[in-house]
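Enquirer: Dumping the structure here so I can ask a few things about it.
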Amino acid sequence: MTSQKLDILAFAAHPDDAELACSGTLIKHIKQGFKAGIVDLTQGDLGTRGSVEIRHEEASASSKIIGLSARENLKMPDGFFDQSDENLKKIIYAIRKYQPEVIFANAIEDRHPDHGRGSSIVSRAHFLSGLRMIETTDNGVPQKPWRAKNLYHYIQFRHIKPDFVVDISNEWDQKVESIKAFKSQFFDPESDEPKTLIASEKFLKYIEARALEFGSAIEVEHGEGFTTERPVSVNNVFDLNTN
């Protein structure tokens, strides 16, 4: 299988992580003509509600709403994945397959421990993917080394001060639609499944409150925040918009 070139590749510890934290940014760039995809590390099989099969169907529905060019699941063990050689090579394989210019990864630390672990393993694989001495193959064909130009971490449940914020005011409604595609996970007054924090009515209010907070920081309605691992380079100070 040949590489399937993407501009942006978002990694997520669980299906719906990317929808909650960076789908507005993905939608915004897709509307501008960029190609984007999501790679979920786990199937979310430890989730209290729904099932792996349901989550797969929901992820597929959400992908269509966002307009993704690709989505796949690496099927690492939910709650127990670590930085083994096997798991790192799965991520390296995906990076080399899609050859993204930009990678999005989970928050550097968060309420759910898988988020911080997902952040760390993707960051490490991002670097290792550029080393030619690490060999991976696709259907027996050696893959070429590839390192994205930039890796950014989206912000999830816990508050982290963003290094930059993307205006998603025009993408907000579509983002919410992509989140609600995960019907088994979020608020449904008719569901008889166990109650959880993310399935409560207030959880989606938290998501909008965070978007409003980040939006207010750049004087727009809704925003998504990201952190960087190194300073961002600019060629011209007039490219920076600090209002």
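Enquirer: Give me the residue from the range 125-150 that is in contact with a Ser or Thr (Cβ under 6 Å, 6 or more places away or on another chain) and of a type outside the set (F, W, Y) and, out of that set, surrounded by the most Cβ atoms within 10 Å (Cβ to Cβ).
Expert: In this case the residue turns out to be Q143.
Enquirer: Six or more apart or on different chains, Cβ under 6 Å: which pairs go from a residue in the range 225-243 that's farther than 16 Å from K161 by Cβ and modelled with pLDDT under 90 to one that's surrounded by 10 or more Cβ atoms within 10 Å (Cβ to Cβ) and acidic (D, E)? Could you list them?
Expert: N243/E219
Enquirer: Within the range 207-243, can you find the residues that are small (G, A, S), surrounded by 13 or more Cβ atoms within 10 Å (Cβ to Cβ) and not in a helix (DSSP H, G or I)?
Expert: Answer for the range 207-243, where residues must be small (G, A, S), surrounded by 13 or more Cβ atoms within 10 Å (Cβ to Cβ) and not in a helix (DSSP H, G or I): G223, G225.
Enquirer: Kindly indicate the residue of the range 169-206 that is touching a Phe, Trp or Tyr at 6+ places or on another chain (Cβ under 9 Å) and β-branched (V, I, T) and also least open to solvent (accessible area, probe 1.4 Å) among those meeting that condition.
Expert: Among those residues, the one meeting the criterion is I179.
Enquirer: Let me ask you something else. Restricting to the range 96-124, count the residues that are farther than 22 Å from D7 by Cβ and open to solvent by 30 Å² or more (accessible area, probe 1.4 Å).
Expert: The number of residues fulfilling the criteria is 8.
Enquirer: Something else about it: Report, by residue number, each residue of the range 27-46 that is open to solvent by 30 Å² or more (accessible area, probe 1.4 Å), of a type outside the set (F, W, Y) and either without any contact (Cβ under 8 Å) to a residue 40 or more places away in the chain or not in a helix (DSSP H, G or I) (or both).
Expert: Within the range 27-46, H29, I30, Q32, G33, K35, Q43, D45, L46 meet the criteria.
Enquirer: Turning to a different aspect of this structure: Looking at G24, G67, which one is open to solvent by 10 Å² or more (accessible area, probe 1.4 Å) and small (G, A, S)?
Expert: It is G67.
Enquirer: Checking the conditions here, which among E72, E53 is among the acidic types (D, E), surrounded by fewer than 24 Cβ atoms within 10 Å (Cβ to Cβ) and in contact (Cβ under 8 Å) with a residue 24 or more places away in the chain?
Expert: E72
Enquirer: Since K161 meets every condition but one in (1) open to solvent by 80 Å² or more (accessible area, probe 1.4 Å); (2) of a type in the set (D, E, K, R); (3) over 25 Å from H29 (Cα atoms), which condition does it not meet?
Expert: (3) is the only condition that K161 fails.
Enquirer: From the residues in the range 1-21 that are surrounded by fewer than 24 Cβ atoms within 10 Å (Cβ to Cβ) and not aliphatic (A, V, I, L, M), which one is farthest from the chain's Cα centre (by Cα)?
Expert: T2
The values are calculated or read from the model by the stated rules, or taken from the named source; none is laboratory data. Only a predicted model underlies this, so the values are computations on that prediction, with no experimental measurement involved. When we count neighbours, we look across all protein chains shown, and the Cβ atoms used for this are built from the backbone with ideal geometry, even at glycine. The accessibility values were calculated without ligands, DNA or RNA, using every heavy atom of the protein model including side chains. Shrake-Rupley method; radii C 1.70, N 1.55, O 1.52, S 1.80 Å.
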